[in-house]
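Remarks on the structure that follows.
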Amino acid sequence: MKAPIILLYFLTVFSSIPLIGQVAEEVPEPNYIKSVQFRGDTFLGQLPTVKLGEPLQLSFDDIIGDERDYYYRITHYDADWTPSKLARSEFMVGMDNVRILDIENSVATLQLYSNYQLNIPNKFTQRLTKTGNYLLTIYDEEQELIFSRKFMIYNPMFAVGVQIKRSRDFNYIETKQVVRFFIDGGEQIIINPKQNIKTVIIQNNNLKTAITGITPQYTIGNKLEYRYDQETAFWAGNEFFNFENKDIRGSTAAIQYIELKSLYHNYLYTNIARYDIPYTYNPDINGNFIITTLQGRTPRSEAEYAWIHFGLKHPQIGEGEKLHVYGNFNNYTINESTALTYNPRTSRYELPMLLKQGFYNYKYVLVKADGTIDESQAVSGNYWQTENEYQILVYYRRPGGRFDELVGVGSSNSSVITN
C-alpha cells in the first residue's frame, strides 16, 4: 500500500512545478473570487514592481464566505517569463506552500464574503533574495489552481532615463506616443548588451500590451541609447472612464440612479464612443482602482458589493465581434463575464458586473472576430494629448549568470510629452 501513496505524493509535488521553457501566463480568478488587489508601497491596486526588500500585499474576497482554506506558492522566472534555473532555496528565505491565515468576514453587508490578506514577507516567507520576475499562485486545499498574479522585484543598479515623444511619422503624429530611454551602467561594465540586456516597456500597468525585444541603437561608453520611433510607439488611447460609489446610497457624477433589491444596483450614465469627437482632458488614475467606503471604517470587511450597470452607446458591431469592459480591477482580463450585449430596447451595449465599493477606472475595448483586441481605436479613439504612465524594466544576464536580474526601472508620464 505504500507504493501508491508515494506515487501520489510525487505526482502532487511535480504537477506544481512549471515545465522548463513554458511561458508563465496569469490565470484569472473564478467568478466567486472578487476584488483582487495586489500592490507594493501604494494604496492603488496595480501591477507590483517593488525594490528588493520592500513588502508586497495581496488581498481578495471569496463571496461564498465559508472561510475556505487557500494556499500560496511563489515561483521565479526569467525576463521572458520562462522558469529560471534557480532552486526555491536560492531566491527565498523560508518557505511557501503555506495557508493564508489572515481572514476577515464581512460585517453588516448585504453580500456575505470572506476577505483574505497575504503580506510578504511574513513569518513563513521571510525574504525574497533575488531580483527578477515572479508569479504568485493561489490554490485551494485540493491543490486546484484558483488564480495567479505576476510581480517584479528590482535592485536599482543601472540608471534608466525616460522621455515621451510625439511620433515623427506623420501618419501617427496625432494618435501615438513614443517612448525613448537610455540605460546607464555607471561604473559597472555591461558585457554584450545586445544579448544580455532585455527591456520591457509597459503602458498603464498593463503587461498584456507591453513592448519587448528592443535592442540598443547606440552605445556611448557604458550608456545604451534607445531612440526608436515606430518600434517603441504605443497607441495613445484616451482617458479612462471612472465611477465612484463609496457612498452606496448616493448618486454621483457617474451614477445616474440606484436601486435596492437583494443587493444595491448602481446604474451608470451611458458612456459614448469617443473615436470621432475632440479630445477632452479628464483626470484619471490610469486604469487603477481603490476599494473604499463611507459606510464603515474598514473597507476590507465593511464595504458593500453592488451590481454596476455599464452602458455604452456605440454603432452595432460586426458578426463575431464583442465589446468588453476592463481595467486593472479585473487585471485587464477578457472573458464572457466582461462582454457587453446589445439591448435593442435601449439601443446600447450593456453589462451588469458585481464590484466592491470604491473608485474605479475602466475602458471599453473591441475584440475582433479573429481574436485580436482593439484597445482604443474602435471606442475611445487615440489622442496624443492623453495622459499615460510608462515604465521601463531592464534585465541583465551577467556573464556566467543563471538568471535574468532586474537591475533598473525607469518611469515617465506623457503629461510631459515633447515633440
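The values are calculated or read from the model by the stated rules, or taken from the named source; none is laboratory data. What you are looking at is a predicted structure, and each value in this text was computed from that prediction instead of being measured. For neighbour counting, all protein chains shown are included, and Cβ atoms are generated from backbone atoms with ideal geometry for every residue, glycine included. Surface accessibility is based on the protein's heavy atoms, side chains included, excluding ligands, DNA and RNA. Shrake-Rupley method; radii C 1.70, N 1.55, O 1.52, S 1.80 Å.
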Round to the nearest 0.05 the FRET efficiency obtained for Phe170 and Lys313 when R0 = 56 Å and r is the Cβ-Cβ distance.
0.95
Determine the sum of side-chain charges near Arg166: Lys and Arg each +1, Asp and Glu each -1, restricted to other residues whose C-beta is under 12 angstrom from that of Arg166.
+1
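Express in nm, to one decimal, how much length is gained between Tyr257 and Glu142 on full extension, taking 0.36 nm for each residue of separation and deducting their alpha carbon distance.
Details: separation 115, 0.36 × 115 = 41.40 nm, distance 4.30 nm.
Between Tyr257 and Glu142, full extension yields an extra 37.1 nm.
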Quick check on segment 304-346: what does the Kirkwood estimate of hydrodynamic radius come out to from the alpha carbon pairs, in Å?
12.1 Å
Once you have the Kirkwood Rh of segment 368-410 from its Cα pairs, apply Stokes-Einstein at 4 °C and 1.567 mPa s and quote D in µm²/s.
91 µm²/s
Low-density loop chymotrypsin sites (Phe, Trp or Tyr not before Pro), segment 144-185, at most 10 other Cβ within 10 Å, DSSP non-H/G/I/E/B, are Phe170
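Counting only other residues whose beta carbon sits under 10 Å from that of Gly311, what net charge do I get with K and R as +1, D and E as -1?
On the way: positive: Lys313, Arg348; negative: Glu350.
Taking every Cβ under 10 Å from that of Gly311, the sum is +1.
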Residue with peak Gaussian network fluctuation, the chain [Cα springs, cutoff 10 Å], from Gln37, Gln177, Gln117
Gln117
Difference of contour (0.36 nm per residue) and Cα-Cα distance, Arg398 to Asp247:
49.1 nm
Test of the criteria: in segment 21-105, which trypsin sites (Lys or Arg not before Pro) are in a DSSP loop and have at most 15 other Cβ atoms within 10 angstrom of their Cβ?
Arg68, Lys85
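Given N residues in segment 296-419, what is Rg(Cα) / (2.2 N^0.38 Å)? Could the numbers behind the result be given before it?
Details: Rg = 19.6 Å, N = 124, 2.2 N^0.38 = 13.7 Å.
So segment 296-419 has a normalised radius of gyration of 1.43.
Please compute the Kirkwood hydrodynamic radius over segment 284-329, one decimal place, Å, based on all pairs of different Cα atoms. Show your work: numbers first, answer last.
Details: mean 1/r = 0.0712 Å⁻¹.
Roughly 14.0 Å, rounded to one decimal.
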Column: log10 I(q)/I(0), Debye, Cα scatterers of the chain, q = 0.08, 0.10 Å⁻¹:
-0.49, -0.77
Quote to one decimal, in nm, the extra length available between Lys85 and Ser337 on full extension: 0.36 nm per residue of separation minus the C-alpha distance between them.
87.0 nm
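Across every pair of different alpha-carbon atoms, what Kirkwood hydrodynamic radius in Å does segment 161-266 reach?
On the way: mean 1/r = 0.0573 Å⁻¹.
About 17.5 Å for segment 161-266.
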Mind checking which of Leu145, Phe234, Thr372 is farthest towards the positive end of the chain's charge dipole, using Cβ charges of +1 (Lys, Arg) and -1 (Asp, Glu) about the Cα centre?
Phe234
Kindly provide log₁₀ I(q)/I(0) values, in the same order as q = 0.17 Å⁻¹, from the Debye equation applied to equal alpha-carbon scatterers of segment 32-159.
-0.91
Less than 13 Å Cβ to Cβ from Gln143, Lys/Arg counted +1 and Asp/Glu -1: what total charge do the surrounding residues give?
-3
Can you say what percent of the DSSP beta bridges in the chain, counting only those with both residues inside, are antiparallel? Round to 5.
90 percent
GNM on the chain, Cα springs under 10 Å; top mean-square fluctuation among Pro352, Pro30, Pro344 goes to Pro344
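Counting other Cβ atoms within 10 Å of each Cβ, which trypsin sites (Lys or Arg not before Pro) in segment 205-308 have at most 13 and sit in a DSSP loop? Don't jump to the answer; show the numbers that get you there.
Numbers: sites: Lys208, Lys223, Arg227, Lys246, Arg249, Lys261, Arg274, Arg297, Arg300; in loops: Arg227, Lys246, Arg249, Lys261, Arg274, Arg297.
Passing sites in segment 205-308 are Arg249, Lys261, Arg297.
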Could you give the accessible area per residue of the chain, probe 1.4 Å, as a whole number in Å²?
47 Å²
Running a GNM on the chain with Cα contacts under 10 Å, which residue among Ile255, Ile290, Ile153 ends up with the highest mean-square fluctuation?
Ile255
Under 17 Å from the Cα of Lys223 - lysines, other chains or at least 8 residues apart
Lys194, Lys198
